[in-house]
Each structure stands twice: as structure tokens, then as C-alpha cells.
Amino acid sequence: MYTLYYSPGSASMCVHQALIEAHVPYTLELIDLKAGQQRDAAYLQLNPGGVVPTLLIDGTPFVESGALLLTLAMLHPHAGLAPDEGTLARAAFNQWIVYLANSLLPAYRMLFYAADLSAEPGMQASIKASAGTRIEAILTRIDRHLGSHGPYLLGSVFSAADLMLIMLLRWSRNLPKPATQWPSLNLFIELMATRPSWHKLHEIERLSEWPPGRS
Ligand SMILES: N[C@@H](CCC(=O)N[C@@H](CS)C(=O)NCC(=O)O)C(=O)O
């Protein structure tokens, strides 16, 4: 049995969507990030980093969104979250999850949590500028990959790596150059937005429609 500690639209989003895709039973526990609940002593026992997501699996807490996707893919081999174990496609799946978790996700953290890295406003502005440049460079790299090897990260086959990517692309929506402005990323976004799990996730987490203009 699963319990997901989440905050709407945050890094818990891809794990939530994976649970929906896998059609497994789960319960949700809301962590109010604005109220600082991620730093409550009881929550820090589950997630010493004070971030979401945390996934309880039969009562044991596990953290890190990318690792949670790998774990769900391992525990539900027939859920369509990843290619079969022991294949090169599975190696590509692992590679994309680790790449996204190591590159794009930390760049967004630099942008959104610059105050964690410096208390000095001038330094924060420079951290945010560097993060913005880094995010655009990574989006350009992924756009090229999808343009030649898409429409999904693994080619013609959907996987949970795409759930991590669509979450990270959604985070760009208020940036000067949102992901929708890269041609192949935009096609990917349109494709992913047709998934029933995307709509269910928006309904449950009460997220505003993205990409806009869909019902
Ligand atoms: N590497 C972590 C990052 C998680 C993360 O940064 N979560 C953010 C929300 S997107 C959070 O909980 N922020 C609250 C805080 O840092 O106080 C993961 O992938 O699970």
C-alpha cells in the first residue's frame, strides 16, 4: 500500500502520475509548503531533506522523485512505466531519469530556491540568471533529442521518464522562454497532455490547465 506526501504541482507530481498510470491503490497526504509543513519534526523523520515527495511503501518512507519512479517501475513490471528489465531500453530509461534528476531538476531548484544558496540579493539575482541559462541549455539538448529520436524520450514507447520530463517542462511555464517555445518539446507537451492520467492528476491536485487552451 502506498501513501504519497505531496504538494500540488511540485516534484511529487510525477510520482503521483505514475501511481495513477499503474492503477495501484494509494492515499495522499498534503504537505503545505507555504506553511512550512515540510520542516515539521514529524515530517523530517520521514524525509530528512524537508522536501516532497515522500512515498510510504508498506509503511517505510522512500524519497527522491527519480528514485521513486525507478522503484514503481520495478515493483509494477506490467504497468507500462518502463521497458523490460535486462534490456538496453531499460538502460536508456534509467539514464533519462538520472539525467533529469541530476541536471534539470537541480537547475530549477537554483532558480526557485536561490535564497537557500545566498542571503545576498545581488548574489541571488546572479544565481537565478545562471539557473535560467542552464535550464535553456538543457531544454535545447532535450528538444534536439526528441526531434531526432522522439516523440517520447525512449522513442515510440512511453515511459515514466516522460512523466518526470513533463513535470519539469510544466515548471517552465512562467519563465521568459517556456518549454512550449521549443518545437519538439511543444509536440511532446501536446502528446503528453492527451493522457487520461494527466487530466486525472490535474483534477485531484486542482492544478490550473497546462498547456492552456485545452478542456
Ligand atoms: N531531489 C528532490 C527535490 C525535491 C524538491 O525540491 N521538492 C520541492 C518542491 S518541488 C520542495 O519540497 N520544496 C520545499 C523546500 O525546499 O522547502 C526530489 O527529486 O525528490
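Each reported figure results from applying straightforward, stated rules to the coordinates on display, with no laboratory input. Computed from a predicted model, the values in this text were never measured in an experiment. We place every Cβ from the backbone using ideal geometry, glycine too, and count neighbours over all the protein chains shown.
Values computed for the structure shown
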read-out	value
Pairwise Cα inverse-distance average, inverted: Kirkwood Rh of the stretch 75-133 (Å)	13.7
Total charge dipole magnitude, the chain, about the Cα centre, Cβ charges on Lys, Arg, Asp, Glu only, Debye to nearest 20	540
Descending Cα extents along the principal axes, the stretch 65-109, whole Å	33, 19, 12
Kirkwood Rh and Cα Rg combined as Rg/Rh, the chain	0.95
Ellipsoid semi-axes in whole angstrom, largest first, where each is sqrt(5λ) of the Cα gyration tensor of the stretch 156-211	17, 15, 9
The chain - share of DSSP beta bridges that are antiparallel (%, nearest 5)	65
Whole-Hz ³J(HN,Hα) from phi, Karplus 6.51 cos²θ - 1.76 cosθ + 1.60, for the stretch 79-92, glycine and proline x	8, x, 8, 7, x, 4, 4, x, 10, 5, 4, 5, 5, 5
Cα-Cα separations in the stretch 1-100 greater than 16 Å, expressed as whole percent	56
Value of relative contact order over the stretch 147-215, rounded to a whole percent, pairs C-alpha under 8 Å and six or more apart	21
Quarter of Cα convex hull surface for the stretch 106-206, i.e. mean projection, nm²	7.0
Sequence-distant lysines (8 or more away, or on other chains) whose Cα lies within less than 17 Å of K128	K177
Label-point separation, K34 to R90 (7 Å along Cα→Cβ), nm	4.4
